[in-house]
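The values are calculated or read from the model by the stated rules, or taken from the named source; none is laboratory data. Nothing here was measured: the structure is a model prediction, and the numbers come from that model. Here Cβ is always computed from backbone atoms with ideal geometry, including for glycine, and neighbour counts include all displayed protein chains.
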Amino acid sequence: DAEITQSPRHKITETGRQVTLACHQTWNHNNMFWYRQDLGHGLRLIHYSYGVQDTNKGEVSDGYSVSRSNTEDLPLTLESAASSQTSVYFCASSDVGEQFFGPGTRLTVL
Amino acid sequence: GENVEQHPSTLSVQEGDSAVIKCTYSDSASNYFPWYKQELGKRPQLIIDIRSNVGEKKDQRIAVTLNKTAKHFSLHITETQPEDSAVYFCAASKSGNTPLVFGKGTRLSVIA
């Protein structure tokens, strides 16, 4: 069955380290998104991509980057992790309708 | 940019009663309005969506209404059951394949 996966599911890191969160989908969707979820803020858009080599900034993109070298993957990189980036991160993908969400990555920055 | 407000933030209902969650949006260019349900520790999952050319949509116990003139849309759950307890998010976007702007969520508790 087609699916969307994220890894790792849990990560603890230290301030200043570079961290990469993986997102992989097997639906062959062109559109992929990264959101972060924090209590009191709901889900907020970090970056998104409409296809290979396309990336766009979202509402809360500072300190994050993405790259899209193939259709299946959109890795999210935290260049220098900060405590404010402690959050649950969800990636999602879509074709022309519903966005399907991955299981999430809980990231703690100490 | 788009801004989505969602009310109430918490809602408790007795089993069998109805629950209503309301959202407003700011961008008149938004045309797609999904509702997601998120259980504790799980991913958001779409339960129903509506597009701007439709005023109401139903799926069994769940219905969504949209008033484009007033820029608000609502989720209605009838005959609530304990398994309806979760956090519900409304969202808005220009189309189904563009980024979603989410409301802050409503924690629904259905009391048996």
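The figures follow:
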item: Tabulated pairs, segment B:83-110, first without any contact (Cβ under 8 Å) to a residue 24 or more places away in the chain and outside any strand (DSSP E or B), second surrounded by fewer than 19 Cβ atoms within 10 Å (Cβ to Cβ) and hydrophobic (A, V, I, L, M, F, W, C), C-beta under 7 angstrom, 6+ apart or interchain; result: B:Asn97/A:Val96
item: Qualifying positions in segment A:51-82 - farther than 23 Å from B:Phe89 by Cβ and among the hydroxyl-bearing types (Ser, Thr, Tyr); result: A:Thr55, A:Ser65, A:Ser67, A:Ser69, A:Thr71, A:Thr77, A:Ser80
item: Qualifying residues in segment B:42-62 (those that are within 14 Å of B:Gly96 (Cα to Cα) and touching a strand residue (DSSP E or B) at 6+ places or on another chain (Cβ under 8 Å)) - the one farthest from the other protein chains (Cβ to nearest Cβ); result: B:Ser52
item: Matching entry among A:Leu74, A:Leu78, A:Leu45 (being under 18 Å from A:Arg9 (Cα atoms) and within 14 Å of chain B (Cβ to nearest Cβ)); result: A:Leu74
item: Options A:Asp1, A:Asp62, A:Asp54; residue that is among the acidic types (Asp, Glu), over 15 Å from A:Thr105 (Cβ atoms) and modelled with pLDDT under 95; result: A:Asp1
item: Flag for A:Asp62 being in contact with a Phe, Trp or Tyr (Cβ under 8 Å, 6 or more places away or on another chain) and either in contact (Cβ under 8 Å) with a residue 24 or more places away in the chain or over 25 Å from B:Asp49 (Cα atoms) (or both); result: no
item: Every pair of residues 6+ apart whose Cβ atoms lie under 6 Å, when the first sits in segment B:44-61 and is in contact (Cβ under 8 Å) with a residue 12 or more places away in the chain while the second is in a loop (DSSP other than H, G, I, E, B) and among the β-branched types (Val, Ile, Thr); result: B:Arg61/B:Thr78
item: Residue under evaluation B:Glu39, criteria (1) surrounded by 17 or more Cβ atoms within 10 Å (Cβ to Cβ); (2) within 14 Å of chain A (Cβ to nearest Cβ); (3) out of contact with any Pro (no Cβ under 7 Å at 6 or more places or on another chain), criterion not met; result: (1)
item: Selection count where residues are aliphatic (A, V, I, L, M) and either touching a helix residue (DSSP H, G or I) at 6+ places or on another chain (Cβ under 6 Å) or within 14 Å of chain B (Cβ to nearest Cβ) (or both), scope segment A:81-110; result: 4
item: Complete set of residues in segment B:100-110 that are surrounded by 22 or more Cβ atoms within 10 Å (Cβ to Cβ) and out of contact with any Lys or Arg (no Cβ under 8 Å at 6 or more places or on another chain); result: B:Leu100, B:Val101, B:Gly103, B:Gly105, B:Thr106
